[in-house]
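Everything on this sheet refers to the single structure shown next.
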Amino acid sequence: MATVGISRIEANPKIMVGKPVIKGTRLTVDFILELLAHGWTYKQIFKNYPQLKEEDIHAALEYSADSIKREFVYPLA
């Protein structure tokens, strides 16, 4: 179900040690998720980080959901 939103995310070893960021920024996906988890509203995020767009937040959420879908846990014998 991946959409164009994920194209707004990049992982480059020269930017934030390769953590996924919103393209053109040094704002990491996990940072955006932490803001949301701590109750920040989109309005608060945009006020503090005006370079972000709503599509960037959606892309961070989509990237995270996609990453979790690909995660597998195997029981140890």
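Computed from Cα positions, the angle between helix 54-69 and the longest principal axis of the chain comes to roughly 10 degrees. In terms of packing, defined here as the mean over residues of other Cβ atoms within 10 angstrom, the peptides 38-50, 60-72 line up highest first as 60-72, 38-50. Computed from phi, the 3J(HN,Hα) profile of the range 9-21 under the Karplus parametrisation 6.51, -1.76, 1.60 (θ = phi - 60°) reads 9, 9, 10, 10, x, 8, 10, 6, 6, x, 5, x, 10 Hz, with x in place of Gly and Pro.
For the chain, what does the helix formula give at 222 nm: sum of -39500 (n - 2.57) over DSSP H segments with n ≥ 4, over the residue count, nearest 500 deg cm²/dmol?
Values: 3 runs with 32 residues, N = 77.
One gets -12500 deg cm²/dmol as the mean residue ellipticity at 222 nm.
Beyond 16 Å, the tail of the calculated P(r) for the range 38-77 holds 52 percent of the Cα pairs.
What shape does the chain have by the C-alpha gyration tensor, where a ≥ b ≥ c are the square roots of the eigenvalues, rounded means a/c under 1.5, and otherwise prolate means a/b greater than b/c and oblate the rest? All intermediate terms of the calculation are to be shown ahead of the outcome.
Values: a/c = 1.85, a/b = 1.56, b/c = 1.19.
Prolate is the answer for the chain, as a/c is 1.5 or above and a/b outweighs b/c.
A short reminder: the numbers here are calculations on the coordinates, not readings from a lab. Keep in mind that what you see is a predicted model, and the values were worked out from it rather than measured. Cβ coordinates were reconstructed from backbone atoms using ideal geometry, including for glycine residues, and neighbour counts include every protein chain displayed.
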